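To start, the structure under review is shown below, and the notes come after it.
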Amino acid sequence: MAAQPVSRMLRRVLRSSVRSCSSGAPVTQPHPGEPSQPAVEPLLSQVPSGRRRFLREHAAPFSAFLTDSFGRRHSYLRISLTEKCNLRCQYCMPEDGVPLTPKADLLTTEEILTLARLFVKEGVDKIRLTGGEPLIRPDVVDIVAQLHQLEGLRTIGITTNGINLARLLPQLQKAGLSAINISLDTLVPAKFEFIVRRKGFRKVMEGIHKAIELGYSPVKVNCVVMRGLNEDELPDFVALTEGLPLDVRFIEYMPFDGNKWNFRKMVSYKEMLDTLRQQWPELEKLPEEESSTAKAFKIPGFRGRVSFITSMSEHFCGTCNRLRITADGNLKVCLFGNSEVSLRDHLRAGASEEELLTVIGAAVGRKKRQHAELFLMCQDSPPAIPSISFRDSLHVQGLRHRVSFSSQMVTLWKGGRLPQIPLLAQRWLGSGLPQRHYGSHLDSDANPKCLSPEPWAPATPSGPLPTSDQLTHVDGEGQAAMVDVGGKPDTERVAMASAVVLLGPVAYKLVQENQLKKGDALVVAQLAGVQAAKLTSQLIPLCHHVALSHVQVQLELDSTRHAVVVRASCRARGPTGVEMEALTSAAVAALTLYDMCKAVSRDIMLAEIKLVSKTGGQRGDFHRT
């Protein structure tokens, strides 16, 4: 390989040690001989030894243009290849997607490579390709191959949802891809479909398997943790690292446009760590790499490790070394900042390399120490609501605690095979999964299909319900007020509620045969009912937050009325009842069924939302006859 051009070396030497950007903030250049920032080098063994030796021996002084006014050296560039995505993750974008930039305004392949070449010449040694979903770009393999030719670039990574990974990874590896991050927020297929609003769980698992098979180590799995949705799965993810070379990275839920961020949904790093240490007290912290965004931990004897991305609770702005180029060619110096500068426009206007560097240097020089408004928003928020674990509270088919889940998964992957869909469903949804019976062979006299194998056991009435002659949620002045339950004794509370969704014959048949384009309506409605019960106090203004110990949601098909009957049961021990939790659960499950089926028929009716029974509390028990 040829040495670096003399002109480049002279340009570095002749640059002044301090420069001024448009912001007026000075940017200090490292002194000669000062070591450059170490780079993360996953799979460095794949790089030929001669190239590794050349990179180390010919390291140039770090670019002043990529050093900000706080001395942070930006050696890591993220390039978005597309705005498009083949999933619709709830925390990322609306169900209908986002307005897309016209194709003519997006960076061409040549423009991407021109910018990448310029940044690498200035000291960037790691490039990560992102999106949207980068693997839906037709020329992604060619882009990786051409990036691999850039002298000085040590790492080429990609962040993907994994849908197309198994198919493309062998070509990508041959082209020079050295690091993989795969997004996966749940190990439950039905919940995956609920979160991403699309099918594809099996394809993602095949992608992870393929990455391990091809020798990537570690394979990074990114999991955005959201309260009430997947925080109960942390131990299952961690257990996978026992026998697999995974780096499971738990990411604090962050605000982005359109994801309706709420601090109550965020599970902090410390809360996650406390949860895991209850099961693995021997969890030990690993030394932090410079400029790393992750706090890494390992369980002694486990092959993989666990990391936490603490973007919200403990930001890492002080060591940030990242820059981003959007798909339409804007340079972002901070993920959370609104400031962008168009490199595309300067490129197309015929800007020289030096002119581009001036624009880039000015943007980097304006980078703030941290984006205080974001973290003040987080710090000023009330404490997070205590977590309610699915593991201890649910007996819903498909969400039971999977005692042998991790060992089964490891066995499957160690054997180098992935099971077919029925086996996947059994292993990931629990072995007690009742089989569906569809089509012309369905016995019309058979029992209605029920998603829960447990019998429905209504409460037994124990006497009349004492009533009050006053509205308890109104104070003496007629204003709405929350009831003070501080002086009430804790008692066991159980409530059951029901609802009926009258679908009509067409929608009913599609639900019965699980043929809806949106997916399994019954499973999604069941999940929605469980979530709704846990979030009742956030939906009904004057309801107290209740730590539920049990939630059960049943959905039964009623062929005589072409309807689905929803029954919800909630249990808790505390000073207040759980009637509202049960009613909210049944109502939201019914609404979800409507949403899943509305494309087929608008003539769907929700009916008979009612309290069936309640037990516990000073007012006695109630049972609807």
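Values for this structure:
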| quantity | calculated |
| --- | --- |
| Any hit, region 256-273, residues being in contact with a Phe, Trp or Tyr (Cβ under 7 Å, 6 or more places away or on another chain), modelled with pLDDT of 90 or more and either under 27 Å from ARG78 (Cα atoms) or part of a loop (DSSP other than H, G, I, E, B) (or both) | no |
| Of all residues making up region 495-528, the number that are assigned to a helix (DSSP H, G or I), within 32 Å of the chain's Cα centre (by Cα) and aliphatic (A, V, I, L, M) | 10 |
| Residues located in region 597-613, provided they are under 29 Å from the mean Cα position of the chain (by Cα) and open to solvent by 20 Å² or more (accessible area, probe 1.4 Å) | LYS598, ALA599 |
| Residue list for region 316-331, restricted to those being in contact with a Ser or Thr (Cβ under 8 Å, 6 or more places away or on another chain) and part of a helix (DSSP H, G or I) | THR319 |
| When residues of region 338-361 are limited to those that are outside any helix (DSSP H, G or I) and surrounded by 15 or more Cβ atoms within 10 Å (Cβ to Cβ), the one farthest from the chain's Cα centre (by Cα) | ALA351 |
| Matching option when the condition is small (Gly, Ala, Ser) and part of a strand (DSSP E or B), among GLY215, GLY157, GLY123 | GLY157 |
| Unique match (being assigned to a helix (DSSP H, G or I), at negative phi and modelled with pLDDT under 95) among ALA116, ALA145, ALA190 | ALA190 |
| Checklist (1) modelled with pLDDT of 90 or more; (2) surrounded by fewer than 24 Cβ atoms within 10 Å (Cβ to Cβ); (3) over 17 Å from MET496 (Cβ atoms) applied to ALA587, failing item | (3) |
| Filter result for VAL219 (among the aliphatic types (A, V, I, L, M), closer than 24 Å to LYS298 by Cβ and open to solvent by 10 Å² or more (accessible area, probe 1.4 Å)) | no |
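Each row is one residue, and each column tells you yes or no for (1) farther than 14 Å from ALA499 by Cβ; (2) more than 31 Å from the chain's Cα centre (by Cα); (3) surrounded by fewer than 17 Cβ atoms within 10 Å (Cβ to Cβ).
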| site | (1), (2), (3) |
| --- | --- |
| VAL530 | yes, no, no |
| ALA547 | yes, no, yes |
| ASP558 | no, yes, yes |
| SER569 | no, no, no |
| THR592 | no, no, no |
| THR615 | yes, yes, no |
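The values are calculated or read from the model by the stated rules, or taken from the named source; none is laboratory data. Note that the structure is a prediction, hence the values are computed from the model and not measured. Ideal geometry is used to build each Cβ from the backbone, glycine not excepted, and the neighbour counts take in all protein chains shown. To get the accessible areas, we keep the full protein, side chains included, count just its heavy atoms, and leave off ligands, DNA and RNA. Shrake-Rupley method; radii C 1.70, N 1.55, O 1.52, S 1.80 Å.
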